[in-house]
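Single-structure report; data block below.
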Amino acid sequence: MSVIAFAKNWEGKFKKSTYELVSYAKDLASRLNTQTLVLSIGEVDESELEKLALYGADRIISVNDSRLNVLSSRIYAEVISQFVRKEFATHILLSDNNSGKAISPRLSVKLQAGLAAAVLDVPKSLEPFVVKKQVFSGKAFAYVQIDSEKKILTLSKNSFGVKENPSTAAIEYFTPELKEDLFKIKVKSEESSDNKIILTDADIVVSAGRGMKSPDNWKPVEDFAAALGAAVACSRPVSDDGWRSHEEHVGQTGKVIAPNLYFAVGISGAIQHVAGVSRSKCIVAINTDPEAPIFSVADYGVVGDAMTVLPKLTEIVLNGE
Amino acid sequence: MKILVCISNVPDTTTKIKFKEGNKQIDDAGIQWIINPWDELALTRAIELKEDASNPIDEVCVINVGEAMCDATLRKALAIGADKAIRIDANPLDAYFVAGQIADYIKKTPYDIVLSGIESSDYNSSSVGGMLGEFLDWPAISSMTQLGFDGDELNIHRAIPGGNQILQLTPPFVGIVQKGIAKEPRIPAMRGIMMARKKPLEVLPAIELKALSQIVEFEQPQAKASCKMIDAEQLDELIHLLKSEAKVL
Ligand SMILES: Cc1cc2nc3c(=O)[nH]c(=O)nc-3n(C[C@H](O)[C@H](O)[C@H](O)COP(=O)(O)OP(=O)(O)OC[C@H]3O[C@@H](n4cnc5c(N)ncnc54)[C@H](O)[C@@H]3O)c2cc1C
């Protein structure tokens, strides 16, 4: 028995969500009285790998293969499953982000391991193994019991927190056997968008809706976001009408996000919109209509015109209260 | 080429979800069931591709693992324009069970492209597409935002954090679609509804397969404490509260 956390890197660096996952893995391993193994795939410097020990990794294992620097769910699932089999690991943890979502289903089939996706808390019980997850896009929760011997969890962002728990783990290396035909999908080219802050990673998000009235009115939104170091998001009709890119659409049919602070500006608060943002720690609503449903899910509200409120807020943030 | 689109039958997105029997079951009284929104976009794109005669697509089929209540949703998929529908007659126990059933059907009846939505709006597990890829030993393209042809070559885009990748691959593969794949979901027209009645909806028995997980209980989220209103003329108060009270700035 052991717990394995897959530590995803981005261009050789880990993120807060990686450390949160390792913290969770350590907590679970302590409950199970076993070790926390952290597996990194692709080239990562030892100085970066060592950081994983700060959050409780008992062993840090690196698959230091440059062919694996770009994520391929098929290959990564193969690497992780070989490692799981070698270690007789029982609990496999991934972050609930793009990569975790792509890898975990394949891993589940390879290992015949039940998968609980988007887990929100430490297990409710270990025998049987039951965890809490979000269902109906945040409108409810479910307790999922995993019946297979091996178990896979993907952990929702900001659900456990980063917890320091220093250990003295040495770095080991693991070389999986990979057949050439796994490297079949070729990336022809890559485009990067000009959004510097990735929406699903952002701690603060400024989101605007149809209340802005025209795509030409987004400057106050962007200025306010820039002042806060926040990502910009929007409601569905705004992206459907091409006012903003699809990448910014949040809600039940767009991105589901859980920042610390979410500003809903000129957004009415339709159930499908709220579904995608309800796990935000704090919601601020700015709306001209005091009856707008968004106020019933917000922590703080301002009744006012976004076009005057936003520039004032920007001013206050930049120049102090 | 043949396209198979996986269809999940889910409560309408405006549904207020309630539970019964001590939070063990969904209270389905009054629920309107719809095609999972992402599956609907996948289906729309598949039909668009077939309608353009320059593309090598001969058939669009939809498949669902579910009980008889799902037939109405499959009829809607036929009305939107699918050529035929398959229902594997079983209670969809978990994603592993569902993907295993669909994979078994594909092994017997080959398809070139299989599409699924990035998640199902009920259990939000984002699993069926990736599991299918593994059951079939095919590549699965996650977060696919474009699917088209350039002559005989496929033109596929997928979203990655902070950008977009353009991929080169040949069928068979699983495409896990997200928003962008089609502009608007297609709505069935009267003619489509009439025609759907005559299209084949085949019901097949499930294969023996054990689910790996089960939901043992549901829970309602707690109601939020009331919203603190701030005067639009005193916005420094808001920033102050976000710093000192909510501690999020
Ligand atoms: C299947 C399905 C899935 C959906 N998924 C999503 C989803 O993922 N995400 C999503 O967002 N929506 C989704 N929707 C749409 C959703 O139902 C709403 O239509 C949408 O969220 C409304 O967007 P909005 O709040 O920007 O616009 P509106 O509802 O038009 O609200 C605009 C708000 O702006 C306010 N306002 C107007 N002027 C000003 C001003 N000057 N200053 C400040 N406030 C002002 C108004 O009072 C109003 O509250 C979905 C719908 C369906 C049917």
Sort A:108-117, B:21-30, B:145-154, B:207-216 for me by packing, meaning the mean count of neighbouring Cβ atoms within 10 Å per residue, highest on top.
-> A:108-117, B:207-216, B:145-154, B:21-30
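Before anything else, pin down the relative contact order of segment B:2-222: Cα pairs under 8 Å, at least 6 apart, normalised by residue count, whole percent. Walk me through the intermediate numbers first.
On the way: 449 pairs, mean separation 60.2, N = 221.
Over segment B:2-222, the number comes to 27 percent.
Looking only at other chains, what is the average number of their beta-carbon atoms within 10 angstrom of each beta-carbon in A:311-318?
On the way: counts 0, 5, 4, 0, 2, 6, 5, 0.
That works out to 3 on average.
Quick one: dipole size for segment B:129-249, taken about the Cα centre, charges +1 on Lys/Arg Cβ and -1 on Asp/Glu Cβ, in debye to the nearest 20.
About 560 debye.
Taking 60 Å as R0, compute the FRET efficiency from the Cβ-Cβ separation of A:Arg31 and A:Asn319 and round it to 0.05. Before the final figure, lay out the partial values.
Numbers: r = 49 Å, r/R0 = 0.81.
Computed FRET efficiency for A:Arg31 and A:Asn319: 0.80.
Using only Cα atoms, what is the ratio of the radius of gyration of segment A:199-318 to 2.2 N^0.38 Å? Intermediate values should be presented prior to the final figure.
Working: Rg = 12.5 Å, N = 120, 2.2 N^0.38 = 13.6 Å.
With N residues counted in segment A:199-318, Rg over 2.2 N^0.38 Å equals 0.92.
With the Cα gyration tensor of segment B:86-158 in hand, give its eigenvalues times 5 under a square root as the equivalent ellipsoid semi-axes, listed largest first in whole angstrom. Kindly include the intermediate steps, with their values, before the conclusion.
Values: eigenvalues 107, 50, 20 Å².
Each semi-axis is the square root of five times an eigenvalue, giving 23, 16, 10 Å.
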Top positive-direction residue, dipole computed over segment B:95-249 with Cβ charges, set B:Trp138, B:Gln222, B:Ile166 | B:Trp138
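Based on the Cβ-Cβ distance of B:Gln25 and B:Asp89, what FRET efficiency does E = 1/(1 + (r/R0)^6) give at R0 = 25 Å, to the nearest 0.05? Walk me through the intermediate numbers first.
Working: r = 20 Å, r/R0 = 0.81.
The calculated FRET efficiency here is 0.80.
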Chain B, dipole about Cα centre (Lys/Arg Cβ +1, Asp/Glu Cβ -1), debye to the nearest 20 | 460 debye
Considering Cα pairs under 8 angstrom that are at least six residues apart, work out the relative contact order of segment A:3-183 and quote it in whole percent.
-> 28 percent
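What FRET efficiency, computed as 1/(1 + (r/R0)^6) with R0 = 30 Å and r the Cβ-Cβ distance, is obtained for B:Met195 and A:Arg210, rounded to the nearest 0.05? Walk me through the numbers on the way to the answer.
Numbers: r = 36 Å, r/R0 = 1.20.
So the FRET efficiency works out to roughly 0.25.
Over the whole of A:253-260, what's the average partner chain Cβ count within 10 Å per residue? Rounded to a whole number, please. Before the final figure, lay out the partial values.
Details: counts 13, 2, 3, 2, 0, 0, 1, 5.
So the per-residue partner count for this stretch is 3.
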Once B:Lys183 and B:Gln222 are pulled to full extension, the length gained, defined as 0.36 nm per residue separation minus their Cα-Cα distance, is 10.5 nm
Ignore the peptide's own chain and count Cβ atoms of other chains within 10 Å of each Cβ in B:117-124; give me the average, rounded.
-> 6
Degrees separating the helix A:219-228 axis from the principal Cα axis of chain A, which is the longest one | 50 degrees
Shape category assigned to chain A from the gyration tensor of Cα positions, a/c cut at 1.5 | prolate
Nearest 20 debye, what's the magnitude of the dipole of the protein assembly as shown about its Cα centre given +1 on Lys and Arg Cβ and -1 on Asp and Glu Cβ?
-> 1000 debye
Projected onto the charge dipole of the protein assembly as shown (+1 at Lys/Arg Cβ, -1 at Asp/Glu Cβ, origin at the Cα centre), which of A:Ala270, B:Leu241, A:Val250 gives the Cα projection farthest towards the positive end?
-> A:Ala270
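Compute the projected area of the convex hull of the Cα atoms of segment A:192-263, averaged over all viewing directions, and report it in nm² to one decimal place.
Details: hull surface 18.1 nm².
Across all orientations, segment A:192-263 yields a mean hull projection of 4.5 nm².
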Tail beyond 28 Å, pair distance distribution of chain B (Cα, percent) = 40 percent
Take the alpha carbon gyration tensor of segment B:1-90, find the square roots of its eigenvalues, order them as a ≥ b ≥ c, and report rounded if a/c is under 1.5; if not, report prolate when a/b exceeds b/c, else oblate.
-> prolate
Where does helix A:16-32 land angle-wise versus the long Cα axis of chain A, in degrees 0 to 90, nearest 10?
-> 50 degrees
Two-site label geometry, A:Leu178 and B:Glu202: point separation in nm, points 7 Å out along Cα→Cβ | 3.9 nm
Which three semi-axes in whole Å describe the equivalent ellipsoid of the protein assembly as shown, each the square root of 5 times a Cα gyration tensor eigenvalue, listed largest first?
-> 35, 32, 24
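Every number in this text was worked out from the coordinates using simple rules, so none of it is lab data. Just so we're clear, the structure is a prediction, and the values are computed from it rather than from any experiment. Please note: Cβ atoms are built from the backbone with ideal geometry, for glycine as well, and neighbour counts cover all protein chains shown.
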